[in-house]
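Read through the structure below, which is laid out as structure tokens, and then see the notes.
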Amino acid sequence: MAGNQKIYKDDFTRWLKDRLKDKGLQPTLCGSQTKVGAGENHEINLTAGWWSKPNYSGSKPPRWLYPLDATQGSLSPTRESNTSLNVGGINASQGDKAAAIFRIVPVIKQDEDDFFSDDALEIQILFLFHGPTPQGSSSEVVHLNPDSGAIEFKGVALPYIGAGLLGLQPRGRQFQIMAGGMPQTVTYGDVLDAVATDITAAPQGRAAGPISVFDLSDQAEFESLKKMVTDAWKAAGPPPALAAPAGAGMADEEDEEDDDEIVAPASLEIPVNTELLGIDPAVYRQINAALASGKQHIMLYGPPGTGKTTLARHIATVLTGGKWTLVTGSSDWSSQDIIGGYQPIGSGSVAFIPGVLLRRFDRPLIIDELNRCDIDKVIGPLFTVLSGQQTTLPYRLDIEDKDSLQYVILPESKPSAAAHEFAPGPHWRLVATINSIDKASLYQMSYALARRFGWVYVDAPRDTAGFIEAFLRKEEPAWAGPVAGAPCPLGEFWAAINSVRVIGPAPIIDAIKAIQAMEEGAEFFAVPDASMKEALLDAVDMVLLPMLDGIVVQDAEFLAGKAVEVFGLDADQSTRVKARMASVAV
């Protein structure tokens, strides 16, 4: 926050980490773990306008010091032209960095041998790559020529597909300087604009031009930044195959070292995920109340398609900066999959091999669709640990020695844990999801285990037409919106479905996208014309009918009648939808 103004810097970083994680990639945040400011190793000499320790800070700067001159009445850049500058070092040791964010701190010349700087003037610059940068060391220098927009990495050109300058304060925030001995007020927006006009961006496949600026004190600009990233990836197509890092194959992917530590957030409060539409504000209130009241583990339950998995990932990302493990429940699971068990290790030997939870006992484990497994059997061994006491596993440290110590799981962190002890890291917790529609046919959780979780119900949106409008606005910000009083046939049909069997927004989004693929310029807030009616019916067949399998005959007849009514179907189309609905009824 800046005053009472929300700044979306952390929201964007979390979103970017989460988005890249699905591609097996990460962003790298230059200088994010380096302390700066008075009394630290990277001080700025305000007489020289440069680092106090240039040999120490200048080789791999945690921040890019950007020179500006205020002595002529307005801010103007004074860097050396047409020169590649060292803007920072990134960790390329894992060969999985597909975006880089560098920190920029303007240094303003007020007079000869007199410069002004303030940490609050910091700006960030983002570069998005099409796949990972070449593998290198844990601190590879990146050179940027601000005049051409060209990046050089390890001595060769490094193309990028998107770039942006990120403002981290409200544009109107004021700073008092002394320019030529006279007091002068400059705003954060003045500084941001001066830097922006001095940097060229040259994304691959596009003409070079002034770098785009995104004001992260403005939610609309935050959404525009996310859209820029999404559109850049979409336009670039599938990324090239990841090259295996040196030493790959020596350990499981999950056991590879991360390039940065898990940093605890300033608070446990989970902010609204603006990417996830249709979530009732009560959901966030209940999550935060559960965390604030001491519940370590969270259970998200409700109808399918309501965003539970995305929300679980959001919770884990906020609490750990993107360090979490996700697995999906299966009826074939046993405790060996999650906790561990004896397994052959070669040469006829058998040993205890930790499961996915104990291998990553330092971070949240997200278990999606937990009720698809036999819950008590799979995580039952954790029952005592979840109650705050250690549990002993039926596995020995040395299987050949009947007197060997048995493995134990401790309920709290222990930095000096013995070889037979598994101790959770301070950031470990379980975040699980359950589809309530499956509760009658799939495994149940015992009451004793259930009460170890904070339970939060994630429902479908009550205003179905409002959700469709919000989604369309998000996809096309320039859309003028529906005419007052315009009908929303798909929204009406969705509401009718929810009166029979509640489904969340995910299948509706799929239906919208299918309709848009079939019907160019599809109007969702209008009486359907002939081609739109066919597109709506096709979307029902493709997306919504599978969600309705097993409904009773009366409900099938009701939904068929509602489709006829709200879509305005003719006789042949009515016959078709009635037959389709009858096919899923029991």
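Listed residues 112, 122; which is open to solvent by 10 Å² or more (accessible area, probe 1.4 Å), acidic (Asp, Glu), closer than 25 Å to residue 46 by Cα and under 24 Å from the mean Cα position of the chain (by Cα)? Let's see the steps before the verdict.
On the way: 112 fails: under 24 Å from the mean Cα position of the chain (by Cα).
Going through 112, 122 in turn, just one is open to solvent by 10 Å² or more (accessible area, probe 1.4 Å), acidic (Asp, Glu), closer than 25 Å to residue 46 by Cα and under 24 Å from the mean Cα position of the chain (by Cα): 122.
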*Can you give me the ranges of the strands (runs of 3 or more DSSP E) entirely in the stretch 304-416 with at least 1 residues that are open to solvent by 30 Å² or more (accessible area, probe 1.4 Å)?*
325-328, 340-346, 349-354, 391-396, 406-409
*Provide a single number: the residues in the stretch 50-99 that are small (Gly, Ala, Ser), open to solvent by less than 20 Å² (accessible area, probe 1.4 Å) and touching a residue at least 60 places away in the same chain (Cβ under 8 Å).*
5
_Residues (more than 16 Å from residue 355 (Cα to Cα) and aliphatic (A, V, I, L, M)) located in the stretch 386-415_ = 386, 399, 405
*asked:* I'm trying to understand the selection: among the residues of the stretch 528-550, which are in a helix (DSSP H, G or I), over 11 Å from residue 567 (Cα atoms) and charged (D, E, K, R)?
replied: 538, 541
*For residues that are in contact with a strand residue (DSSP E or B) (Cβ under 9 Å, 6 or more places away or on another chain) and open to solvent by less than 10 Å² (accessible area, probe 1.4 Å), scanning just the stretch 534-578, find the one that is farthest from residue 520 (Cα to Cα).*
551
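Being crowded, with 19+ Cβ neighbours inside 10 Å and more than 28 Å from residue 291 (Cα to Cα) is the requirement here; does residue 464 meet it?
Working: crowded, with 19+ Cβ neighbours inside 10 Å: yes; more than 28 Å from residue 291 (Cα to Cα): yes.
Yes, satisfied.
Residues that are more than 23 Å from residue 226 (Cα to Cα): which strands (runs of 3 or more DSSP E) entirely in the stretch 59-154 hold 1 or more of them? Even if it seems obvious, please write down each step before you answer.
Numbers: elements: 64-69, 85-90, 97-111, 114-116, 123-128, 140-145, 150-153.
Filter on the stretch 59-154 gives 64-69, 85-90, 97-111, 114-116, 140-145, 150-153.
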*asked:* Being in a loop (DSSP other than H, G, I, E, B) and over 27 Å from the mean Cα position of the chain (by Cα) is the filter here; which residues of the stretch 417-427 pass it?
replied: 417, 418, 419, 420, 423
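The values are calculated or read from the model by the stated rules, or taken from the named source; none is laboratory data. This is a predicted model, so every value here is computed, not measured. Glycine gets a Cβ as well: all are built from the backbone with ideal geometry, and neighbour counts include every protein chain shown. For the accessible areas, the whole protein counts, side chains as well, though only heavy atoms, and no ligand, DNA or RNA atoms are used. Shrake-Rupley method; radii C 1.70, N 1.55, O 1.52, S 1.80 Å.
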